[in-house]
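Throughout, read-outs are computed from the coordinates displayed, never taken from laboratory work. Bear in mind the structure is a predicted one, so any value in this text is a computation, not a measurement. Cβ placement follows ideal geometry from the backbone for every residue including glycine, while neighbour counts extend to all protein chains displayed.
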Amino acid sequence: MNKSKCQSCNKNIAILNCVTCSLILCYFCDEKLHSDKENHITTTLPFASQHPTQQNQSHLNQTIQQKRLELQELKDKEQKIAKIYQEKMLHAQKKYEQQINSLEERLQSASQFMNQMQDQVEEIDVDKMQNELEGLDKSLKLDIKKAEQEQSILQEKSKNADQLISKLQKATEIEQKQILKMNEVLAVFKACSEQLQKEKDLLMLDNEKLVGEVEIFAKFMAENGPLLEEIGRVKNEQQQQQQQQQQS
């Protein structure tokens, strides 16, 4: 088996032979030295094992090639990440520069405004302002006094209104009591009316009965009138005879 050391790091076992450099190298040193030297010619060192086969050599070459591809992918990813990071840094830098410029503009505007205000303050007539303030103070005191007077009048009116409301409430209570009494009277009147109606109905029934009896009597008299007259005449004759007998 090959046990030759790498002629670059002198640590790892050499697996490649660079014909251009005339060096035998390990995998890591080959990647380090030949990352930017694609025109160098490298070959794999033969391994003298107990059972050397062409299949093992091919498998080793495939493994090395796969590792190279993986390393290249990692390098590509690293470059992409570095590019993205750089773009973000540039974007952040531009953003901070814009914010700083905006703050500087605002500070400049504020400074100009303060200068203008200072100029205006210097031009203000202090005595005139004091007189105006005193006039405003007097006017404000007068307005406050008027407001207090109006408030007093309003309180008096509110008091009178409360008294009127109290009287109205009492009158309403009295009226409600009267309404209750009237309702009671109406209830009694209704009861009396119902009783009178019942008595009237009874009288009507009695009247109807009486009318019926009169009609029956009249009919009886109409039918038996001559007979009754004859009976009356006979009774009169009998009475006269009895009187004559008593006299004789």
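Quick notes
- Cα gyration tensor shape for the range 143-184, rounded if a/c is under 1.5, else prolate or oblate: prolate
- What the Cβ-Cβ distance of residue 207 and residue 170 gives, at R0 = 45 Å and to the nearest 0.05, is a FRET efficiency of 0.25.
- Helix-only [θ]222 nm of the chain, DSSP H runs n ≥ 4, -39500 (n - 2.57) each, per residue, nearest 500: -30500 deg cm²/dmol
- Working from label points 7 Å from Cα in the Cα-to-Cβ sense, the residue 81 to residue 41 distance is 3.8 nm.
- Helix 126-247 axis, angle to the chain major axis (alpha carbon atoms, nearest 10°): 40 degrees
- Summed side-chain charge close to residue 103 - residues other than residue 103 whose Cβ falls under 14 Å, Lys, Arg +1, Asp, Glu -1: -1
- Cα gyration tensor category, rounded, prolate or oblate, for the chain with a/c compared to 1.5: oblate
- Against the chain, whose longest principal axis comes from its Cα atoms, helix 54-123 is set at around 60 degrees.
- Sequence ranges 7-20, 139-152, ranked by mean other-Cβ count within 10 angstrom, highest first: 7-20, 139-152
- Simple spin-label estimate for residue 182 and residue 96 in nanometres, 7 Å along Cα-Cβ: 9.2 nm
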